[in-house]
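To keep things clear, I will list the structure first and then write my remarks on it.
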Amino acid sequence: MPNFSDIVEQYEKIKKSPEITDNLRVKEYKTKGLAADILQKRQKYLPDQKTHAKLQAKLSTMFDKSSRAGAKSTLNGLILPSGRKMFSEFHDNFTGTGRFERKKAPDTVPFNDNGPKIDPNPNRVILYERCADCLERVDMNNFIPGLTFIPPEDEANPIVTSKWRSVDLKPGTVICYLFCTKCPEEAAKALKKIKHDPFKSRFFIGLGPTGEQQTMADKEAQDYLRARSGRISDNVFSQIKYHRHIKGSDIFFGSARLD
């Protein structure tokens, strides 16, 4: 099997030989001038004589018998004569890997121990048994999630504040609950029916909360959403109150858990 030195020796023999243009090929493909693979064109992609001599002296030792026989450095069973560094340099220069820009490591955000402390396990309540609207049992493979949180006391009226205090839940506690797929769909259909009523949607009854003209359909839609929201809030509160009387209930987390 020829080694690197044999290849270099053969190249030295033929590098000054005149190129012969293949007239048949030129005629067949209707090309003119010198072939694309002639030495003059290839040479501009090859190192000059001085660089070539240095590479020959450096890399030829990588392929001689003594280097291969005494090689101890391996990569997944692949023998690396003259070590990993020489192996890497050879591939970067002769197998094309050096043409590709190495991927830059992603930027990392330095850890700041003086930054804000965020609790990854906030105080929360998770209701997972019944729909927060109709109170029927929820299929755990087919449901729609909902979420709210208890507002700060200075932003809530006294009735709301006392209600959550009665079940020992603090402001900021996150409350998660579920809907069956039927309830939100029926609510959307009912709201659409109200908003698109041909008479009510054209009958203006005055100004809305923000000062815009309001139709009877707008007023009834607001009343419908307010009533549904109140019903859901009452149902959520009732379920939490029920679980407060169950020792070891698994719906409470963080400071919401009392036992």
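When residues in region 141-151 are screened for being part of a loop (DSSP other than H, G, I, E, B) and either of a type in the set (D, E, K, R) or within 19 Å of Glu129 (Cα to Cα) (or both), 2 of them pass. Under the condition of being in a loop (DSSP other than H, G, I, E, B) and modelled with pLDDT under 60, the residues counted in region 9-28 number 1. Within region 194-228, the only residue that satisfies the criterion of being under 21 Å from Cys183 (Cα atoms) and of a type in the set (Val, Ile, Thr) is Ile194. Of Thr161, Thr148, Thr173, all but one fail to be touching a helix residue (DSSP H, G or I) at 6+ places or on another chain (Cβ under 9 Å), without any contact (Cβ under 8 Å) to a residue 12 or more places away in the chain and closer than 18 Å to Phe237 by Cβ; the exception is Thr161. Identify, from the list Tyr242, Tyr224, Tyr177, the residue that is under 28 Å from Asn123 (Cα atoms) and in contact with a Leu (Cβ under 9 Å, 6 or more places away or on another chain). Sole residue among the options that is under 28 Å from Asn123 (Cα atoms) and in contact with a Leu (Cβ under 9 Å, 6 or more places away or on another chain): Tyr177.
From Asp6, Asp37, which residue is in a loop (DSSP other than H, G, I, E, B) and modelled with pLDDT under 75? Unique residue meeting the criteria: Asp37. Screening region 152-259 for strands (runs of 3 or more DSSP E) wholly inside it with 3 or more residues that are surrounded by 16 or more Cβ atoms within 10 Å (Cβ to Cβ) returns the ranges 174-180. For Ala156, are the conditions met, namely being in contact (Cβ under 8 Å) with a residue 60 or more places away in the chain and of a type outside the set (Val, Ile, Thr)? Answer is no for this residue.
Among the residues making up region 132-145, those that are touching a Phe, Trp or Tyr at 6+ places or on another chain (Cβ under 7 Å) and in contact (Cβ under 8 Å) with a residue 60 or more places away in the chain are Ala132, Asp133.
The values are calculated or read from the model by the stated rules, or taken from the named source; none is laboratory data. Computed from a prediction, not measured in an experiment: that's the story for all the values here. Positions of Cβ are backbone-derived with ideal geometry, glycine not excepted, and every protein chain shown enters the neighbour counts.
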